[in-house]
Structures are given as structure tokens and as C-alpha cells.
Protein chains: 2
Amino acid sequence: MPELRHDPIQKRWVIIASERGRKPYDSSLSSEIQAGGFCPFCEGHEGKTPPEITAIRHNGSGPNQPGWQVRVVPNKFPALRIEGGLDRRGEGIHDRMNGVGAHEVIIETPQHDLNLADMPVEQIEKVIWIYRARLADLHRDGRFRYVLIFKNHGQAAGASLPHPHTQLIATPVTPKIISGELWSAREHYHDKERCLFCDLIQQELERGERLILADDRFVALAPFASRFPFEVFLAPRHHYHSFAKLSDEMIHPLAVALKDVLLRIKKCLRDPAYNFVIHTAPNTEAAPRRSAYWDTIEADFHWHIEIMPRLTRVAGFEWGTGFYINPTSPEEAAKYLREVAL
Amino acid sequence: MPELRHDPIQKRWVIIASERGRKPYDSSLSSEIQAGGFCPFCEGHEGKTPPEITAIRHNGSGPNQPGWQVRVVPNKFPALRIEGGLDRRGEGIHDRMNGVGAHEVIIETPQHDLNLADMPVEQIEKVIWIYRARLADLHRDGRFRYVLIFKNHGQAAGASLPHPHTQLIATPVTPKIISGELWSAREHYHDKERCLFCDLIQQELERGERLILADDRFVALAPFASRFPFEVFLAPRHHYHSFAKLSDEMIHPLAVALKDVLLRIKKCLRDPAYNFVIHTAPNTEAAPRRSAYWDTIEADFHWHIEIMPRLTRVAGFEWGTGFYINPTSPEEAAKYLREVAL
């Protein structure tokens, strides 16, 4: 059983998911299904994944059969387990609980080598539709404080299978970087009664130098203090706190904006490995006793997607300090991304 | 001029050190001297580095000449610049200051391929002696809030030159992970009037299952909530807040303990790439107006070294959340490291 453990120095939760029978020098992270010649995500190989959770099918085909367009399955090597209670316990200075959670794979297309950036907008809409549906569904489970949707594209970004897919992890704790953002947003709101992200977007729209794209629904920009070269922040232009509550009419413009940004990154940086992560409001249905904590969440938080091309190695300095060195200014990155021919 | 920029969402400082004339797809981090057939760190090549800051020489040789045992030079491609004032300024929601700081390279030996783990204890003592001397010297500069000493060993850990070396960065801000630790330590001390790290070390000595080594001066253990497989925490067994104030009689036992841990990692994991970072108290001489902030620092903080073998890829999940998945339990890692034949 995996375990969640709390670091009393960093005040950070870590998933300890021991896999038995490995040699110590063979410790590569295999939280995804292992690579090989055979692809378990391809159409016709439905039997090689755990039974599907949901899928988009328009041809009347049954579950775990060919004929799907987007398919969601449990991760075959999950970092967290869906069954059981949390069983929180202390051990002197340390805290632990059972590694309860969900770990799912969203297979974005039946086509083995069609990158998200190159999919038709209608296909990306289906992927987004599934993201929203999984978020909303997992928010009904009161054990899960946070649902994290993230994509690893390319080996350098941690993908172990090339078939386009996104992952999702639902956890009983709010991850540290997310709770840092939640606190900043709350503090700003309590000071000013304005959303921190709305203020930031407004300022960037006025200055323009870090802007990559802006239409009436979405804005993409190179963050002022980007940690990585060509990092992109993509968010709704107006205030929305939760991706789970994305309205139907936002799905098409989001698919257009996401495709645009991913294509710009692909062209500009020669199809680099990248990660993206959706930062959305936590599950306010979980932990009802703490609900006062979220009293302004609808007004203070603003969902967004962080896209991080993997161009630089992260060394000891970054790991040991949380302090990053970025060799490309965000203004320069935004200019390249704005001006690249699509 | 490099710049320090503050992220208003993450409340984190980032170094933006643009290098001109690079193509966007060629954005590899070249903060260290570039690799090649020729090694600028070897004895006899002293003219190929910037002029030395200090060195240990026992044979009466002059600066920038052969005959040294440990040599400190400025990084040829520094992430921060030593000259000038901070010039702090705001820009709406954003904050920036000049990228003022020191970025030095400590060349640990004249021998090109003698790993730190394999050096005689006397040589490691000299390296530690230099760490302490550089820390103490840079603490005399009131602009520098924090001096970070870190080592990247192997390409996967970000080293671009194989010749054994450590780096040092002095910054005008306290890095986020360090300030998180400082706050935790302070909170614990204010609650209990005991050092958080002393409490943790005591508990681990009693339980034993995560212990790697313990003598009367130093203790090494696998942290309860290790982020990475085979992560090691090495600290003085008794309370000392600052590496800069390391007493002479601690240098030999530290060299012995560090060599022991590095050798265990090398043998157990087949000479993996690794990073280590020294976490010490910040420069209490800097920013005198904030000195009340550090009123209990000597009692509440406890210096330590974090050693992180680079065995796993870090993917989107980790970047986007600060939430780590570790596939090797610390108890299992400690057992392997304790039992390996040296």
C-alpha cells in the first residue's frame, strides 16, 4: 500500500510508493505503463489496460472495445490506491496516512503518433470535455482534496509511452505549490477585494511585452518570473475559479487557445518535450469542517494552465533551494512565440 | 545584467540571466563552463579560468600557478554579477532587482577524475575548509542574505564538466525552500524551545530504521518523507546553526562522514549522478534592519547537507505541484546503504 508522508521541515507531503523486487540501482520511476514495442493505448488493445472508467464513443461501441475517441483508464501502476480510508497517524514528529487516491490515464486519441498540438480542434475539445468530467466526478469523493491533471510529452518530460495521453492524480492533501498559490490569492483578495490573477492578466495585457496571445476568452503569456525558458501561463481572460465548472461555451475557445500555444512551442522549439499542469480550485466538497477556509475561493482563485517546455537540466541549485536560474528572458520568449510562423 | 524577479503568485525569486545570441531551441543552461576535450580546471590550465579568489597551496607557489590543492575561481559564466547595488524596483504587481551576487567554482582537486568519494580524507578536509572560508568571507558582504554551496556530480545532475568541483552562489534574497525551513524551525522553537532538527535526529537515532551512520559527531539518515530514492540527510549530531562557524575539530569527522556516505551511494547505486546542497543559517550580518527576524536563529536552526542521487526523472506532476512520488521507501534505502560492503 502506498503511503503519504509529511516532512516536518519542508511541511510537504510525499507519496512513498515502494515497488518490490527492484534492485537499488534500478530505481527508475515507473508510475506509468512501461514502454516497449507494443502500445497498450492503441485502438484494438483495450484489453491490455485496466477496464475503462469512461470514454467518448459516437458509434455505439461498448466499453473496452474499439470505436472510442477519448478513453480513460486507471493507471496500471498507480501511485495511489482508490480503496480504503486515510487512517491518519502520527509517529513522534512524523505524520503519515494511507496512499489513498485516484491515478488515471486519459488517452487523448486512438492514433498512436498524433500529438495534441496537431489534433483537430474538435478532438482537443473532446479531451477538454473529459478533463472537466473527470474533475467533476472525482470532486464527488469527499476523501479527495485536490485533483491534479497533468501531461508529460516526450521522454525528457517523463513520458514513458509516446501515445498521446494525460494523467490525473486525485489526492487527500493539497499539494504544496497549489496551497502556496491559494494563500497568495487569498491574501491579495482579502487586501484588495480583487483577484490576484485578474490583476496580473490586466497588467500584462496593458504592457504587452510578455503576451503570446489574447482573444476575448483566453490569454497566454510568458510569466514575469518564469522559472524555465519558454514557460507559458494560459488562463481565461475573465474570472473563473474552477476548471470543473468550465461552461460548455468555453470549451471551443480553450481548445483553440491550447492548440495555438502548443503549436507555437512545437514550431519555435522544434517539438520539445514539455509538461503542462492544470491549476484549479481544490475540491470544496472535501473536508467539510475546513470549509470556512474556502469562504472566498470562488472570488479569489483563478484557474490556469502552466506549460513548461523541458529545455534545461535542473541541477542541485534548483533542487536545494527552490530558486531557479532561467537563461531566457520571458520578454524574449514571448517575442519568439508571438512571431513564429504557424 | 542578470535580474532577480519575484513571482507574486508563488512568492518566489527567480534569476533571469539572459544569454544573447542563442537560438530559442538551443536554450541549454550553460551557467557552468562548457564541456569539451580540454579541461580548464586541470593543473597547468590556471590561465583558462578567471583569476583565482583563493587556493590552498603548500609548496609556496603563487596565485594562478600550478601547485594548488584546492582552488576557487569565479564562474566564467556567472548567473549573478558581483558589482553594483541592488536597485530594488516595483512594476505594478511585479518586483525586480539587479542580479547582484557571487557565483564561484571550488575546484576540489588538481586530479581530473578523482571523485570526491574516492579522495583521501585529508583532501576532503581541505575542501570543507575552503567551503567554510568562502562562506565566512561572503558573509562579510552585507548585500548577500544567503550563500548556497552545492555540488552537481555527473551529467544527469547538471554537471557540464567532469573535473570534480563544487559551486557557490551568494544571493541578496533567501531562497524559498531555505526560508520555508527557517520558518518551520522557528515555529517549532517558539512552541517548544527545542531545535526541530535535534528532535528529529533524536527520534531517528531511537528508531534506527532510517539511520545510515551515526558516530559521536555526525549522523546520516534517509528522511522519513524523502522526495527521491536514496536521498540522504547528513547533519551534526549536536546543535550547530551555521556551517560558517564550523569549528576546526569538526572538520575531520565531517570529512570522514561525507566520504562514508558518498562511498555508500557510489557502491550501492553504481556511481550515480548526484547533487548535494549545504543548508546553513542565512547571513545574519545582512539587512541589519531585519535582524529581529533572526533573534533565535542560533538556537532554532541546525545546518545539514542534503544529498540527492539522480535516479528518477522528475515529471509534470512534481513540477506543477511540489508533490513528489518516491518509488523507494526510505527504510529500504537506509538498509541498502547501511549494509553495502565498502
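Residues whose amide H falls under 5 Å from that of A:G92, counting only those 5 or more places apart or on a different chain, are absent, with hydrogens built in the peptide plane.
For B:H165, the residues whose modelled amide H falls within less than 5 Å of its own, excluding neighbours fewer than 5 places apart on the same chain, are B:E108.
Amide H to amide H distances under 5 Å link B:I9 with no residue, where only residues 5 or more positions off or on other chains count and H is placed in the peptide plane.
Past 27 Å, Cα to Cα: identify those pairs from A:K76/B:K266; B:K48/B:K151; A:K151/A:K176; A:K11/A:K259; A:K126/A:K151; A:K176/A:K267, in the order given. It would help to have the intermediate numbers written out before the result.
On the way: A:K76/B:K266 32 Å; B:K48/B:K151 21 Å; A:K151/A:K176 19 Å; A:K11/A:K259 37 Å; A:K126/A:K151 16 Å; A:K176/A:K267 33 Å.
Long pairs (Cα-Cα over 27 Å): A:K76/B:K266; A:K11/A:K259; A:K176/A:K267.
Give me Rg/Rg_expected for the protein assembly as shown, where Rg uses Cα atoms only and Rg_expected = 2.2 N^0.38 Å with N residues.
On the way: Rg = 25.2 Å, N = 684, 2.2 N^0.38 = 26.3 Å.
Normalised Rg, Cα atoms only: 0.96.
Placing a label point 7 Å from the Cα of A:H45 along the Cα-to-Cβ direction, the residues of the stretch A:143-183 whose backbone N falls under 14 Å from that point are A:160-165. Taking other C-beta atoms within 10 angstrom as a stand-in for reagent exposure, B:R134, B:R237 fall in the order B:R237, B:R134, fewest first.
Label-point spacing at B:R217 relative to the other copies reads 6.6 nm, in ascending order, each point sitting 7 Å out from Cα along Cα→Cβ.
Taking the beta-carbon count within 10 Å as an exposure proxy, list A:K48, A:K151, A:K335 from fewest neighbours to most. It would help to have the intermediate numbers written out before the result.
Values: A:K48 14, A:K151 28, A:K335 17.
Exposure proxy ranking, most exposed first: A:K48, A:K335, A:K151.
Backbone phi angles across the stretch A:66-76, fed through the Karplus curve with coefficients 6.51, -1.76 and 1.60 (θ = phi - 60°), yield HN-Hα couplings of x, x, 8, 10, 9, 9, 10, 10, x, 5, 5 Hz in residue order; Gly and Pro are listed as x.
In plain terms, the chain from A:D137 to A:N64 could stretch by 24.3 nm, reckoned as 0.36 nm per residue minus the Cα-Cα distance. In nanometers and ordered shortest first, the copy-to-copy spacing of the B:K76 label point, defined 7 Å from Cα toward Cβ, is 4.7. In terms of overall dimensions, the C-alpha atoms belonging to the stretch B:176-339 reach 48, 42, 27 Å along their principal axes, ordered largest to smallest. Listed by Cβ neighbour count within 10 Å, with the fewest neighbours leading, A:W183, B:W13 appear as A:W183, B:W13.
Read-outs: derived from the displayed coordinates by stated rules, not from any lab. Source: prediction; values computed, not measured. All Cβ positions, glycine included, derive from the backbone under ideal geometry; neighbour counts span all protein chains shown.
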